[in-house]
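One structure is given here, and the rest of the page talks about it.
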Amino acid sequence: RLARALPSPNFGPRPAGSEVWLVVLHSISLPPGCYGGDAIEQLFMNRLDCSAHPYYERLRGMRVSAHFVVRRDGRLLQFVSCDERAWHAGASSWRGVDNCNDCSVGIELEGLEGEAFEAAQYRVLGGLLRAVATRYPVTDIAGHEHVAPGRKLDPGAGFDWARARAAYLGQGVTDSPSQAAPALRWAA
């Protein structure tokens, strides 16, 4: 599945010698709980009109991005090349490694912590995870809540980790994986 490219200016080079071995899953909706608009894209492109909604004031001046966003209907957007360092995890640590942006691909699912995600999102996420894990030496999948505990809550209780694993393995989806999915350690 091809992603629609929307190049974000919010990225940088990965540190010399770093490898992508982690995928960090997030959830995002702007304003919280509202779906389908273009505010996520505008935020990642530094074009969000912070006067358009009271919640946006807290985002003024933020420079953030993710590699991918999976919309509620399964549309896939790409903001940063996986070869580059996106600005998604912030202060973070996983398996003793700090600054998870250095070694991870960040995937945002349009949603809100505690709310359920859509079947189309799991299907697209499964294929995207297979593609990333085939291209990079990914060993781990974690949520933002796992790499920044106490600071972040996403993707949250509404995210079905077992369903995501099944989609990754190609179980119960209409598109069959082109090759066997590499074994991964899942945070939940």
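The values are calculated or read from the model by the stated rules, or taken from the named source; none is laboratory data. The structure presented is a predicted model; accordingly, all values stated were derived computationally and were not measured. Using ideal geometry, Cβ is built from the backbone for each residue, glycine included, and neighbour counts are taken over all protein chains shown. Note: areas computed on protein heavy atoms with side chains; ligands, DNA, RNA excluded. Shrake-Rupley method; radii C 1.70, N 1.55, O 1.52, S 1.80 Å.
So here's what we get for this one:
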item	result
Heavy-atom accessible area per residue - the stretch 1-67, 1.4 Å, Å²	54
³J(HN,Hα), Karplus 6.51/-1.76/1.60, whole Hz, each residue of the stretch 80-97, x for Gly, Pro	9, 4, 5, 6, 9, 9, 7, 10, 10, 8, x, 4, 7, 7, 8, 6, x, 10
Size of electric dipole in the chain: Cβ of Lys, Arg +1 and of Asp, Glu -1, about Cα centre, debye, nearest 20	240
CD proxy at 222 nm, helix term only [per DSSP H run n ≥ 4: -39500 (n - 2.57); per residue of the chain; nearest 500]	-5000 deg cm²/dmol
Amide H contacts under 5 Å for V23, placed H, 5+ residues apart	V105, D140, I141, A142
Cα gyration tensor shape of the stretch 97-188, rounded if a/c is under 1.5, else prolate or oblate by comparing a/b with b/c	oblate
Residue among C103, C82, C34 with the largest mean-square fluctuation in a Gaussian network model of the chain, springs linking Cα atoms under 10 Å	C34
Identified option (computed Rg and Dmax of the Cα atoms in Å; candidates (i) 16.3, 57; (ii) 16.2, 50; (iii) 15.5, 48)	(iii)
Farthest positive-ward along the chain dipole, Cα basis, beta-carbon charges - from L59, F117, V132	V132
The chain - share of DSSP beta bridges that are antiparallel (%, nearest 5)	30
Using θ = phi - 60° and Karplus 6.51 cos²θ - 1.76 cosθ + 1.60, couplings along the stretch 100-117 (whole Hz; Gly, Pro as x)	4, 4, 5, 10, 10, 10, x, 10, 9, 9, 5, x, 9, 3, x, 9, 6, 9
For the chain, the longest site-free run once trypsin sites (Lys or Arg not before Pro) in DSSP loop states with at most 11 other Cβ atoms within 10 Å are removed	61-150
